[in-house]
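Read through the structure below, which is laid out as structure tokens, and then see the notes.
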Amino acid sequence: WATSVGWGLREPELAGLSMHLSSVQVWEEKGRRKARLSLPLTKMEQGGKGSPRTWSCVCDWGPLPDGGVLLGEAGLCPACCVHEQVAEQPRATGCRQAAPEAARIPLFPDAEGRVPTEEGTVASWDELFQETVELVMAEHPERFQDWPELIEAAEAYDRVTGHSARRSGAKLWA
């Protein structure tokens, strides 16, 4: 979810990322994590030449104006999420990121290690939000009494779609 929101990706673009260096690069620069995703195909760029997009770590940002979320504390920094996934995939698959076969290994696989389906991605996002809503509603009002926006959002939650992350990212970064 954090990667899709940060980079403004729909679920097919997220599913199209591989763990190969041609798809994702991570590094640190002056002590700050950075991540670059190379999207091979977009609606605007059908030639498939690639559309690299880079994020720097935003863990030190203050509260977001829409809900007061601290991205670092919430584990939602786009660059850091990609760093963690790039570190995890070689451990999970035994494949080095520079190996040619890494181009066939999804960066964000499903539970069986395969490229996720669009429906599976949306279902996992929905499950994540359902669990969050249940947590918020179960612990309301003690833990979240000073965060009325979260309670309001939980009460209004009505499922995600394949464009939800992209829309959320557009609102967030506007």
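The values are calculated or read from the model by the stated rules, or taken from the named source; none is laboratory data. In this text the structure is predicted, and so the values were computed from the model without any measurement. Because the Cβ atoms are built from the backbone with ideal geometry, glycine has one as well, and the counts that use them run over all protein chains shown. Quick note on the areas: whole protein, heavy atoms, side chains included, nothing else; ligands and nucleic acids left out. Shrake-Rupley method; radii C 1.70, N 1.55, O 1.52, S 1.80 Å.
Brief remarks follow.
- Annotation: of all residues in the stretch 97-131 being aliphatic (A, V, I, L, M) and in contact with a strand residue (DSSP E or B) (Cβ under 7 Å, 6 or more places away or on another chain), the one that is nearest to Ser22 (Cα to Cα) is Ala103.
- Every pair of residues 6+ apart whose Cβ atoms lie under 6 Å, when the first sits in the stretch 74-100 and is within 14 Å of Ala2 (Cβ to Cβ) while the second is of a type in the set (Asp, Glu) and open to solvent by 70 Å² or more (accessible area, probe 1.4 Å): none
- Leading residue by the ranking (nearest to Ala165 (Cα to Cα)) among those in the stretch 21-39 that are touching a residue at least 60 places away in the same chain (Cβ under 8 Å) and in contact with a Lys or Arg (Cβ under 8 Å, 6 or more places away or on another chain): Val24
- The stretch 68-95, subset part of a loop (DSSP other than H, G, I, E, B) and surrounded by 14 or more Cβ atoms within 10 Å (Cβ to Cβ), residue farthest from the chain's Cα centre (by Cα): Cys95
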